[in-house]
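Enquirer: The following block contains the structure, expressed as structure tokens.
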Amino acid sequence: AKEDGRNTYRFYHNTMGEQGLRRLTLQTELRQALVKQQLFIQYQPQLDLRTGRVVGAEALLRWRHPTEGLISPAEFIPAAEANGMIIPISNWLLRTVCQQAMAWRKQGMAPLVVAVNCSALQFRQGDLVAEVTQALADSGLPAHLLELELTESMLLQDSERVMQIISRLKALGVKLSIDDFGTGYSNMAYLKRFAVDKLKIDQSFVKGIARNADDEAIVQSIITLAHSFNLKAIAEGVEDYATADILLARSCDEVQGYCYAKALDPDAFLDFSLSNQKT
Ligand code: C2E
Ligand code: CA
Ligand code: CA
Ligand code: CA
């Protein structure tokens, strides 16, 4: 029986290949990453397109691995979802972001909305509403200055439960946005059911608008859709002013992208905002 076990183990290794092995290793190491303080948060500015003012910050998770260096969240978030670590990590992030927002205000930054990415697992397990309530209470951050970024697929799972969580979050007064909008489902009936505040146009459409008529048409229709539901539209992945000019002409409300700033450490974000406030 022992022999069999070993063969099976080897068999898995062979079929999983390098990718699967790395994923498993990351999953194991992620369990320690939080307590070992290898995780940190950067903040990417979000600007009002018409005034040029910083109005928000998206919190983006970072993992400085002791031997591998910086690992992309695109790689380790799926691993954290697979082993459930995304729940304690997200709860830590939520608290830290709310406290950071209050610390910035004491340092002279004008009030801004901090946006946090949500994982589908937070809707299925754990108590997202209790965690949000606690993070707001502990930090003193007003609820309307916290935004949760959801994805279309989250809103389309088990609708009873999702609906309840969303309405409790709305009752708290937090803002909700739909991330990567346009990449998910063509059925937009859920926009009617869930009172979200903002649509984030996926960067895959934004990137091409200066060159591609199809992308421009998609971006235009998302902005129109947002406004017809009284929602704001934000474009992410804005990398140049030609793109920003088109977005402005198309009445997009907010922008986020390398054209303005990449994700910054808290101190650098403070500097960025303070100099933005002065101009
Ligand atoms: P996302 O939420 O769509 O975040 C936007 C990503 O685009 C970020 O990558 C950001 O750095 C990048 N980006 C921003 N502006 C530009 C630009 O002008 N050009 C280009 N090429 N890229 C730009 P990042 O930080 O690597 O995050 C990747 C994804 O990881 C995020 O996509 C999000 O889905 C996930 N993620 C990050 N932090 C968290 C978190 O705290 N919780 C959860 N659940 N997911 C997270
Ligand atoms: Ca996001
Ligand atoms: Ca996005
Ligand atoms: Ca994305």
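Enquirer: Considering only segment 197-211, state which residues are open to solvent by 30 Å² or more (accessible area, probe 1.4 Å), under 17 Å from the mean Cα position of the chain (by Cα) and within 13 Å of ligand 1 (Cβ to nearest atom).
Expert: Passing the criteria: Q203, S204.
The rows are residues; the columns are (1) within 16 Å of ligand 3 (Cβ to nearest atom); (2) over 19 Å from the mean Cα position of the chain (by Cα); (3) farther than 26 Å from A268 by Cα; (4) open to solvent by less than 10 Å² (accessible area, probe 1.4 Å).
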position	(1), (2), (3), (4)
A120	yes, no, yes, no
F123	no, no, yes, yes
L145	no, no, no, no
Q157	no, no, yes, no
I165	no, no, yes, no
G182	yes, no, yes, no
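Enquirer: Quick one: count up the residues across segment 84-141 that are hydrophobic (A, V, I, L, M, F, W, C), under 19 Å from K175 (Cα atoms) and touching a residue at least 40 places away in the same chain (Cβ under 8 Å).
Expert: Total satisfying the criteria: 17.
Enquirer: Which fully enclosed helices (runs of 4 or more DSSP H) of segment 47-162 have 2 or more residues being farther than 30 Å from K192 by Cβ and among the polar types (S, T, N, Q)?
Expert: 86-106, 128-139
Enquirer: Also, quick follow-up: Answer yes or no as to whether I223 is more than 16 Å from ligand 1 (Cβ to nearest atom), open to solvent by less than 30 Å² (accessible area, probe 1.4 Å), of a type in the set (V, I, T) and modelled with pLDDT of 95 or more.
Expert: Against the criterion (more than 16 Å from ligand 1 (Cβ to nearest atom), open to solvent by less than 30 Å² (accessible area, probe 1.4 Å), of a type in the set (V, I, T) and modelled with pLDDT of 95 or more), I223 qualifies.
Enquirer: Which of the numbered conditions does S153 fail, given that it passes all the others? Conditions: (1) open to solvent by 30 Å² or more (accessible area, probe 1.4 Å); (2) away from ligand 3 (no atom under 16 Å from the Cβ); (3) more than 30 Å from Y241 (Cα to Cα).
Expert: (2)
Enquirer: Give me the pairs, please: first residue somewhere in segment 214-235 and aromatic (F, W, Y), second residue anywhere and assigned to a helix (DSSP H, G or I), beta-carbon distance under 6 Å, and either six or more positions apart or on two chains.
Expert: F229/L191
Enquirer: Shifting gears a bit: Just give me the residues in segment 233-271 being open to solvent by less than 10 Å² (accessible area, probe 1.4 Å), hydrophobic (A, V, I, L, M, F, W, C) and in a strand (DSSP E or B), in sequence order.
Expert: Result: A233, I234, A235, V255.
Enquirer: Please pick out the residue among E75, E68 that is more than 15 Å from the chain's Cα centre (by Cα), open to solvent by 40 Å² or more (accessible area, probe 1.4 Å) and of a type in the set (D, E, K, R). Give the steps one after another, and end with the answer.
Expert: Working: E75 fails: more than 15 Å from the chain's Cα centre (by Cα).
So the residue among E75, E68 that is more than 15 Å from the chain's Cα centre (by Cα), open to solvent by 40 Å² or more (accessible area, probe 1.4 Å) and of a type in the set (D, E, K, R) is E68.
Enquirer: Ok, one more. How about segment 15-47: which of its residues are touching a residue at least 60 places away in the same chain (Cβ under 8 Å) and open to solvent by 80 Å² or more (accessible area, probe 1.4 Å)?
Expert: Hits for segment 15-47: nothing passes.
The values are calculated or read from the model by the stated rules, or taken from the named source; none is laboratory data. Keep in mind that what you see is a predicted model, and the values were worked out from it rather than measured. Neighbour counts run over all protein chains shown; Cβ positions are idealised from the backbone, glycine included. In case anyone asks, the SASA skips ligands and DNA or RNA and just uses the protein heavy atoms, side chains included. Shrake-Rupley method; radii C 1.70, N 1.55, O 1.52, S 1.80 Å.
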